[in-house]
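The values are calculated or read from the model by the stated rules, or taken from the named source; none is laboratory data. Note that the coordinates shown come from a computational prediction; the quantities given were computed from them, not determined experimentally. Heads up, the Cβs are rebuilt from the backbone with ideal geometry, glycines too, and the neighbour counts pull from every protein chain shown. Surface accessibility is based on the protein's heavy atoms, side chains included, excluding ligands, DNA and RNA. Shrake-Rupley method; radii C 1.70, N 1.55, O 1.52, S 1.80 Å.
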Amino acid sequence: MAAAKTDRGIPLSTLSIQHLHTNSTRHTGPFSAIAELIDNAYDPDVNAKQIWIDKTQINNKGKDIECLTFRDDGNGLSRDLMYQMLSFGISKKKAVNGKLPIGMYGNGFKSGSMRLGKDAIVLSKSKNDLCVGMLSQSYLEEIEAKQIAVPIISFYKKEAANVKGVSSVQGAENIGYICQA
Ligand SMILES: Nc1ncnc2c1ncn2[C@@H]1O[C@H](COP(=O)(O)OP(=O)(O)OP(=O)(O)O)[C@@H](O)[C@H]1O
Ligand SMILES: [Mg+2]
């Protein structure tokens with residue numbers, strides 16, 4: 001695999017898709033993984049008042065699979081924040097009105113979600129955006145990916161400009177990428 005390089009020709013480090021599993025093994029049991037997702041909802045940037053955790057079944061190619069859902073009533077994400085959430089080691093959390101954040105490493109969502117399942121889909125509604133992002137080991141294995149690709153599709157809400165509906169879509173090309181699998 002040819003390495004991506006800086007403009008001075010220095011190889012950039014990369015993350016193989018195995019890292020998603022390796023990183024999840026820091027959770028010896030499922031409860032610390034669940035705690036990562038609860039902490040994220042509680043942190044001051046999201047500031048959720050409630051979180052709902054449920055188990056449901058989804059049908060994939062005729063097979064029922066168990067699916068855990070985590071839903072909160074916090075601030076949601078913009079497209080940039082969704083990219084940050086699906087990336088590694090980026091955390092810009094700070095205290096808000098004296099409430100200190102728990103998160104600091106930019107890793108909890110990745111390690112926690114990948115400990116609980118092989119695939120995570122994040123759906124978000126924030127003030128201006130609707131956003132869908134995917135971190136999926138099954139998908140990356142299926143397309144024999146060498147690096148961790150994170151498809152993201154986002155819609156800018158027209159309501160933000162006082163018109164009902166969706167005005168612009170970002171990342172439409174990501175839909176084709178997902179459909180390859
Ligand atoms: N429920 C959520 N609602 C909105 N944004 C979220 C939610 N969960 C995570 N995020 C965003 O995703 C980012 C990454 O979360 P992640 O848990 O990986 O890192 P962190 O919380 O910053 O640090 P740590 O690794 O210490 O938990 C967060 O910084 C936050 O911006
Ligand atoms: Mg966290």
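Summary of values
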| quantity | calculated |
| --- | --- |
| Contacts under 9 angstrom Cβ, first residue in the range 127-152 being among the aromatic types (Phe, Trp, Tyr), partner part of a strand (DSSP E or B), 6 or more apart | 139/119 |
| Residue that is surrounded by the most Cβ atoms within 10 Å (Cβ to Cβ), among those in the range 106-151 that are part of a helix (DSSP H, G or I) and more than 16 Å from ligand 2 (Cβ to nearest atom) | 140 |
| Checklist (1) in contact with a Ser or Thr (Cβ under 9 Å, 6 or more places away or on another chain); (2) within 12 Å of ligand 2 (Cβ to nearest atom) applied to residue 75, failing item | (2) |
| Identity of the residue in the range 76-105, near ligand 1 (Cβ under 6 Å from one of its atoms) and not in a loop (DSSP other than H, G, I, E, B), that ends up surrounded by the fewest Cβ atoms within 10 Å (Cβ to Cβ) | 84 |
| Within the range 48-62, tally of residues that are within 14 Å of ligand 2 (Cβ to nearest atom) and either open to solvent by 90 Å² or more (accessible area, probe 1.4 Å) or of a type outside the set (A, V, I, L, M, F, W, C) (or both) | 0 |
| Filter result (under 11 Å from the mean Cα position of the chain (by Cα) and within 11 Å of ligand 1 (Cβ to nearest atom)) within the range 121-146 | 122, 123, 124, 131, 133, 135 |
| Residue match in the range 14-30 (condition: among the basic types (Lys, Arg), farther than 28 Å from residue 147 by Cβ and modelled with pLDDT of 95 or more) | no |
| Residues that are closer than 14 Å to residue 121 by Cα and of a type outside the set (D, E, K, R), drawn from the range 58-75 | 58, 67, 68, 69, 70 |
| Subset of the range 24-46 [within 13 Å of ligand 2 (Cβ to nearest atom) and open to solvent by less than 50 Å² (accessible area, probe 1.4 Å)] | 27, 33, 34, 35, 36, 37, 39, 40, 41, 43, 44, 46 |
| Selection count, the range 103-143, where residues are touching a strand residue (DSSP E or B) at 6+ places or on another chain (Cβ under 8 Å) and of a type in the set (Asp, Glu) | 2 |
| Candidate set from the range 14-23 (those that are part of a helix (DSSP H, G or I) and open to solvent by less than 60 Å² (accessible area, probe 1.4 Å)); member that is nearest to residue 2 (Cα to Cα) | 19 |
| Close pairs (9 angstrom Cβ cut-off, 6 or more residues apart or separate chains): within 16 Å of residue 69 (Cα to Cα) in the range 24-37, among the β-branched types (Val, Ile, Thr) and within 15 Å of ligand 2 (Cβ to nearest atom) anywhere | 37/51 |
| Selection status of residue 68, touching a helix residue (DSSP H, G or I) at 6+ places or on another chain (Cβ under 8 Å) and away from ligand 1 (no atom under 12 Å from the Cβ) | yes |
| Verdict on residue 161 being at pLDDT below 90, open to solvent by 50 Å² or more (accessible area, probe 1.4 Å) and among the aliphatic types (A, V, I, L, M) | yes |
